[in-house]
Amino acid sequence: MKKVALVLLLAVVAPSLALAWLAIRSLRDQEYLLQRQQSLLYQGVADAVATEAQSLLNNYEREFAGIVAQMLVGHSPPEITASFDEQLRQRWPLAQVGFAVSITGSILSPLPQARPDTRIFCANYTQFLSCRESAEVYWNSTANGPPEPINNESADTTSQKWLQNKYSSQTPSSENENSLKNFKNRAPSLRSVSPQQQSLPSSKEQAQSFSKIAASEAEFCQLMGTGTDGMLARFVDNKLNVLFWYRRPDMPQYVFGAQLSISRMVEKLKPALEKLDPSLREDVCVALLDDSARPVALSHLGFRTAWKRPFVATEVGETLPHWEVALYLLDPAKLTRSARTLKLTLGAVIALLVLAIGVGSWLVVTDLNRQLTLARQKTDFVSNVSHELKTPLTSIRMFSELLAEGRVSDPVKQRSYLGIITAETARLSRLINNVLDFARIERGEKKYHFQTCDLNNLLRETTETYRPHLEANGFQFDCELPESPLAVNGDRDALAQVIVNLLSNAEKYSDSRKEISVRLEQQTNPLPYVELKVLDRGLGVPEGTEEKIFEQFYRAHDSLSSGIQGSGLGLTLARQIARAHGGEVAYEPRESGGSCFTLRLPLCPACEKKSA
Ligand code: ADP
């Protein structure tokens, strides 16, 4: 048994507890994992919106190139250049200022005095566009590729000339080299937002706080190289300027461009924010933040928060340097709540599983224990029954042989021997009856023949049959029976078997005080019933076994220690028979020592009238 319990403990309970411990430990990381999952999901969303915004800008750049190409169809550039600003703004609402630059570096359009916008534009860009000055620019390197070397054979000759003119005026070639070096040397700058998701490894954390977009010191002609179109961004007086430019391959001496109206461009980018999945709309707000982390477009109008601390954010790209697509949680506490709910649910499931394993193991051990006890009791039962059969058989054989061989001539002795033979035979048949009845009850085959029966009369008959045997063995035997009959509905033989079993036990378990009493009384509380008590002054039932003595094969006084033979079935049968009659058999200790076994059976007043 101990071995089984140990195996169960090592193979089931201990691993289950270890697994439960590991599971509970991993629960502590649930919030972090959930946050991580969310941040990956939302980062993907922010990246997608940023890509969408960037591709919209690329489309507008193509749109611009197409419009300029159309404007040039059938017109010579000089016809267009002078009024390019006006014509472009009429055709393309995104343009705030249109410009045209000639190969010689002169600004052909706009005229500074035309509008306030053109005056500012010319003040800011005349030097830069005519390649007389370099400026800090952000440019889309993927669209154009790095600037071509100045004397690239394949480069467009006019463009080359323009560049050569430019650089020949700045004689020292080292200057030129420096300029190219600067072009490549992009210094990282701090991002204007700091996303809350700082759970990344420290090196990435650092990378996260720096912008991937860096400005380069370059001149306009350098940026153009041999390309036909492109875009660039600049900060002038801390204000973002976005410029698109285009030149027709067959007339590279004219460059046409536009400075974008930022407010109109933002309007055009808004649909990119609105493409949010409906399920995500309930959880997050997407914002397009400008370079000072101010929201210029929102997916949820009226939403307010600390704009510099988004949940996740992505930079849009070189066209809109330091602009970010940022995601904010509409209900930041929701994440903690979901993590807590998940933790509680998983915790409850783990606790339930551990409980189930614990209860299951306990049930297995208890059942195993019960089976082992039963197996041991059955083995004891077989040896007890064999012994019980052998003892009376030996006496019967011995005394019947003496009588048969005529070796006993004394009539008193002969009677005594015959008495012993009768008693032993009765004991034998009692034992066999008990065993057979028990087997029948176990198989569910026991049949009772219920009929009206006077318990008073039955008790009188049974005790009188038993009395000679008891008295012969030195017992003082009292019977207190009422005068009137007490009718019960029962099986006479079965009830007689209960009485004999109780009497036989009283005899067996009596020690030196050989006193047995039998009492029969009628009780009425709550319903009328009869109460039959068999009392002795014997060993009594050891404490703690008062109920166990009614279990099959259980013996409180085992044969080895007490020397008293028994099968452990007498009381089991007595209780089963009593219950089959709607009654009960119970034990209670007697004051001043001994036992009291009570058989209670319901009275049958109707039967009484019938029998009367
Ligand atoms: P057994 O054949 O062992 O007597 P029973 O089912 O009749 O089997 O009784 C079960 C156990 O109850 C006995 O082994 C004994 O320990 C205890 N017992 C029964 N009757 C008495 C009694 N009158 N006095 C003391 N112990 C008793």
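Annotations
- Using the average count of surrounding beta-carbon atoms within 10 Å as a protection proxy, the listed peptides 323-333, 35-45 rank, highest first, as 323-333, 35-45.
- Rounded to 5, percent antiparallel among DSSP beta bridges of the chain: 95
- In terms of overall dimensions, region 324-374 has a Cα radius of gyration and Dmax of 22.4, 79 angstrom.
- Spin-label model, Glu86 to Phe303: label points 7 Å out along the Cα-to-beta-carbon direction sit 4.5 nm apart.
- Three semi-axes describe the equivalent ellipsoid of region 448-611; taken as square roots of 5 times the Cα gyration tensor eigenvalues and ordered largest first, they are 27, 17, 14 Å.
- Computed from the alpha carbon atoms alone, the convex hull of region 427-507 holds 90 Å³ per residue.
- Which of Gly444, Leu402, Leu327, positive extreme of dipole for the chain (C-beta unit charges): Leu402
- Dipole of region 448-611, positive direction: furthest Cα of Tyr554, Ser504, Ala494, with charges on the beta-carbon: Ala494
- Here r is the Cβ-Cβ distance between Leu22 and Leu111 and R0 is 56 Å; the resulting FRET efficiency, rounded to 0.05, is 0.15.
- Normalised by residue count, the chain yields a Cα convex hull volume of 320 Å³ per residue.
- Gain upon complete extension [Ala14, Ala439; 0.36 nm per residue less C-alpha separation]: 148.8 nm
- For region 507-584, the direction-averaged projected area of the alpha-carbon convex hull comes to 6.2 nm².
- For region 448-611, the Cβ-based charge dipole about the Cα centre amounts to some 240 debye (Lys, Arg positive; Asp, Glu negative; other atoms uncharged).
- Fully extended contour minus Cα-Cα distance, from Ser383 to Asp493, at 0.36 nm per residue: 36.9 nm
- Point-to-point label distance, Val236-Leu330, nm (Cα→Cβ direction, 7 Å offset): 4.1
- Here Lys390 is the anchor, and the aspartates and glutamates within straight C-alpha reach of less than 19 Å, apart from those fewer than 8 places off in the same chain, are Asp380, Glu401, Glu424, Asp558.
- Kirkwood Rh in Å, taken over all unlike Cα pairs in region 406-473: 15.0
- Cα-based Kirkwood hydrodynamic radius, region 192-323, one decimal, Å: 17.2
Since every read-out is calculated from the coordinates, none of them should be taken as a lab result. Values in this document were obtained by computation on a predicted structure and should not be read as measured data. Using ideal geometry, Cβ is built from the backbone for each residue, glycine included, and neighbour counts are taken over all protein chains shown.
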